[in-house]
1. Quick check on C124: is it in contact with a Phe, Trp or Tyr (Cβ under 9 Å, 6 or more places away or on another chain), assigned to a strand (DSSP E or B), over 18 Å from K52 (Cβ atoms) and at pLDDT 95 or above?
2. Taking the condition of being out of contact with any Cys (no Cβ under 7 Å at 6 or more places or on another chain) and either in a loop (DSSP other than H, G, I, E, B) or closer than 23 Å to A70 by Cβ (or both), how many residues in segment 102-114 meet it?
3. With assigned to a loop (DSSP other than H, G, I, E, B), free of Cβ contacts under 8 Å to residues at least 40 places away in the same chain and under 19 Å from S21 (Cβ atoms) as the only criterion, which of G62, G84 stands out?
4. Does L54 fit the bill of being in the same structural domain as I126 (by TED's automatic domain parsing), under 27 Å from V118 (Cβ atoms) and either part of a helix (DSSP H, G or I) or of a type in the set (A, V, I, L, M) (or both)?
5. What number of residues within segment 1-29 are buried (at least 16 other Cβ atoms within 10 Å of the Cβ) and among the aromatic types (F, W, Y)?
6. Just one of Q23, Q106, Q72 is touching a Ser or Thr at 6+ places or on another chain (Cβ under 9 Å) and not charged (D, E, K, R); which is it?
7. Let me confirm something: among E32, E63, E73, which residue is at pLDDT 95 or above and surrounded by fewer than 16 Cβ atoms within 10 Å (Cβ to Cβ)?
8. Only residues that are surrounded by 14 or more Cβ atoms within 10 Å (Cβ to Cβ), of a type outside the set (A, V, I, L, M, F, W, C) and closer than 26 Å to C100 by Cα: list them for segment 35-51, please.
Amino acid sequence: MNASALEFDHIHIISNTPHESAQWYVDMLGAEVVADTVARGAAQIFIAIGGKTLIIRGARAGEQPKPAPAVQEFDTFSSHNHLGTDHFGFLYRGDLRAFCAELAAQGVTFPVALKAGVDGSLLCYISAPDGVSIELMQAF
């Protein structure tokens, strides 16, 4: 198989409150709800953000999703300290400091405060609903 045959399609998030979670992405990050459906008995909401798709769905019959662990600080890094997806990230084209101040004013929390990354560019992590961590990185 040739990797160039692959194209990234979506990130799938399970939520106890899928409509409220989708609205958070709309309100805080400017996402757009592009479909609000039901799949296998659970709400399934498609949102467009950063040129990609997030699918946020409710728990299905028989599922009992467990919350993700909180981000932990280590000597030189931060992580959820568990296997699987730790976070996903967006490049921010603009003044990341000002954007973070806007998010903080709206009550968004920062498990990793705005700081200089390894290459000197600014980055931070924000807490999204459902235990999701999102890295915001300053685009050059």
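The values are calculated or read from the model by the stated rules, or taken from the named source; none is laboratory data. No experiment lies behind these values; they were computed from the predicted model shown. Cβ: placed from backbone, ideal geometry, glycine included. Neighbour counts: every protein chain shown.
1. Yes: the conditions hold for C124.
2. Residues in segment 102-114 being out of contact with any Cys (no Cβ under 7 Å at 6 or more places or on another chain) and either in a loop (DSSP other than H, G, I, E, B) or closer than 23 Å to A70 by Cβ (or both): 8 in total.
3. G84
4. No, not satisfied.
5. Residues flagged as buried (at least 16 other Cβ atoms within 10 Å of the Cβ) and among the aromatic types (F, W, Y) within segment 1-29 amount to 2.
6. Result: Q72 is the single residue among Q23, Q106, Q72 that is touching a Ser or Thr at 6+ places or on another chain (Cβ under 9 Å) and not charged (D, E, K, R).
7. Working: E63 fails: at pLDDT 95 or above; E73 fails: at pLDDT 95 or above.
The match here is E32.
8. G50
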